[in-house]
Amino acid sequence: MSRTIAILTGGGDCPGLNAVIRGVVRSAILDHNWRVIGIEDGFDGLVGEPRWRELTLASVRGILPRGGTILGTSNRGNPFAYPVENNGTTRMVDVSAEVVENFQRLGADALVAVGGDGTLKIALTLQEKGIPMVGVPKTIDNDLRGTDVTFGYNTAVGIVTEALDRLHTTAESHHRVMVTEVMGRDAGWIALESGIAGSADVILIPEIPFDLNTVCDAIHQRKALGRKFSIVVVSEGAFPAAGRKVVQLTASENRGVERLGGVGAFVAEEISGRMQVETRVVVLGHVQRGGTPSPFDRILGSRFGIKAVELIAQGRYGRMVSLQGRHVYDVDIADAVDSLNLVEPDGDLVRSAEALGITFGRPTLP
Ligand code: F6P
């Protein structure tokens with residue numbers, strides 16, 4: 001049976017998106033002889049005059065090693081709360097009916113939505129309104145449930161680990177405390193795994209609110225042992241037990257999405273203020289999301305794309321592809337977006353890090 005399927009990438013970009021697009025296109029055309037169209041800029045591409053393009057074998061040639069997404073993306077395009085500007089004021093409007101109508105006008109039978117928690121929640125609600133949907137989990141933060149890991153995460157951990165290796169030599173030469181702020185809005189996976197791989201001394205994550213006294217004690221103990229430098233890795237969403245997350249822009253200042261950033265500078269200032277030690281801050285920011293995907297993410301993204309096509313062929317909508325152990329399965333999108341995949345404060349990984357001598361700044365019991 002000849003079919004047309006559509007694909008879009010939503011939310012923040014991440015390495016491996018093009019591998020998914022390529023996997024979907026190659027499998028749909030080579031295995032099923034279907035037609036594939038790509039929606040531009042996430043769900044935004046279905047608002048107003050639809051923006052889309054034909055995806056052929058030629059259009060996905062050479063994109064496997066490329067970061068970003070050839071389709072473009074948007075992390076502001078929620079059709080259920082779409083910002084519409086009028087006379088200098090912004091109103092949030094529900095344009096979901098228009099999105100469904102535009103999708104149907106394109107003559108597509110199903111949509112592959114590649115995205116994180118936000119995009120997949122939108123996908124689920126649009127499916128209830130009439131768009132047959134299959135989800136592919138994406139985020140460098142690795143905070144989506146229902147899969148052992150999201151693609152993009154492995155690349156981000158590699159980038160941060162390399163940065164920590166580089167920061168070690170300069171920190172040691174200058175006897176400094178080097179504070180590295182990394183992404184991780186709600187989940188501290190990037191800080192945790194890159195911190196272990198990059199031999200950090202202190203790791204601060206949102207799941208374990210920190211006490212600066214404990215952090216300073218750890219740095220002090222290292223000094224006492226003759227280690228005159230320390231490496232601190234802090235997730236952007238980490239916060240002191242007696243405080244709150246450091247926010248650059250509130251949700252109302254930033255079209256509904258809080259922009260985090262600045263906890264690295266806060267921690268560095270506190271450490272230098274409390275101790276006789278020089279600090280520097282490095283904010284890795286979007287470097288963690290850019291550039292070429294790791295081999296792991298290329299392979300995982302490709303497998304996810306192929307599995308998404310298989311689910312459509314079987315008519316199994318409302319499902320999200322998922323890595324479990326070494327195999328790619330599928331789960332209900334609803335279960336995957338029900339809650340976030342957070343680091344367990346007393347789980348094996350954190351305990352292993354502590355056994356290696358890494359401090360999480362846990363407040364000491366009175
Ligand atoms: O969700 C992924 C993520 O990289 C978060 O870690 C970070 O807070 C956010 O995206 C940044 O988004 P933006 O691209 O809008 O700055």
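What to note about this one:
- If both residues of a DSSP beta bridge must be in the chain, then about 35% of such bridges are antiparallel.
- Cut-off under 5 Å, modelled amide H: who pairs with residue 82 long-range: 93, 94, 95
- The GluC sites (Glu not before Pro) of segment 247-285 that DSSP puts in a loop, and whose beta carbon has at most 15 other beta carbons within 10 Å, are 253, 258.
- Rounded to the nearest 20 debye, dipole of the chain from Cβ charges on Lys, Arg, Asp, Glu: 800 debye
- q = 0.09, 0.18 Å⁻¹, segment 1-135: log10 I(q)/I(0) [Debye, one scatterer per Cα]: -0.25, -0.96
- Shown here for segment 267-366: trypsin sites (Lys or Arg not before Pro) in loop regions (DSSP other than H, G, I, E, B) with at most 13 other Cβ atoms within 10 Å, namely 316, 326.
- With K and R counted +1 and D and E -1, the other residues having a Cβ less than 13 Å from that of residue 22 yield a net charge of +4.
- Three-way shape call for segment 41-200 based on the alpha-carbon gyration tensor, with the a/c threshold at 1.5: prolate
- Restricting the calculation to Cα atoms, segment 13-75 yields a radius of gyration followed by a Dmax of 11.8, 33 Å.
- What the Kirkwood sum gives for the chain is a hydrodynamic radius of 21.5 Å, with every pair of different alpha carbons counted.
- Three-way shape label, segment 122-214, alpha-carbon gyration tensor, a/c 1.5: prolate
- Computed over segment 175-298, Cα set: Rg, Dmax in Å: 15.1, 49
- In this Cβ point-charge picture (+1 for Lys and Arg, -1 for Asp and Glu), segment 94-242 has a dipole of about 500 debye about its Cα centre.
- Fewest-first sequence of 343, 247 by Cβ atoms within 10 Å of each Cβ: 247, 343
- Across all C-alpha atoms in segment 212-366, the radius of gyration and Dmax reach 20.9, 64 Å.
- Listed values for segment 94-104 are Karplus-derived 3J(HN,Hα) couplings in whole Hz (6.51 cos²θ - 1.76 cosθ + 1.60, θ = phi - 60°), namely 8, 10, 5, 4, 5, 4, 5, 4, 5, 4, 5, and x replaces Gly and Pro.
- Every pair of different Cα atoms in segment 97-164 enters the Kirkwood calculation, which places the hydrodynamic radius at 13.5 Å.
- Helix content alone sets the calculated 222 nm mean residue ellipticity of the chain: runs of n ≥ 4 DSSP H residues at -39500 (n - 2.57) each, divided across all residues, give -10000 deg cm²/dmol.
- Residues 52, 189 in ascending order of nearby Cβ atoms (within 10 Å, fewest first): 52, 189.
- Equivalent-ellipsoid semi-axes of segment 289-356, from the Cα gyration tensor, Å, largest first: 28, 18, 11
- Using θ = phi - 60° in the Karplus curve 6.51 cos²θ - 1.76 cosθ + 1.60, the 3J(HN,Hα) couplings for segment 68-80 round to x, 9, 5, 8, x, 8, 8, 10, 10, x, 8, x, 8 Hz; x is entered for Gly and Pro.
- Taking 20 Å as the straight-line reach from the Cα of residue 138, the lysines in range (excluding those fewer than 8 positions away in the same chain) are 121, 307.
Just so you know, all these numbers are worked out from the coordinates, no wet-lab data involved. Because the structure is predicted, anything quoted here is derived from the model rather than measured. No Cβ is skipped: glycine too gets one built from the backbone with ideal geometry, and neighbour counts run over all protein chains shown.
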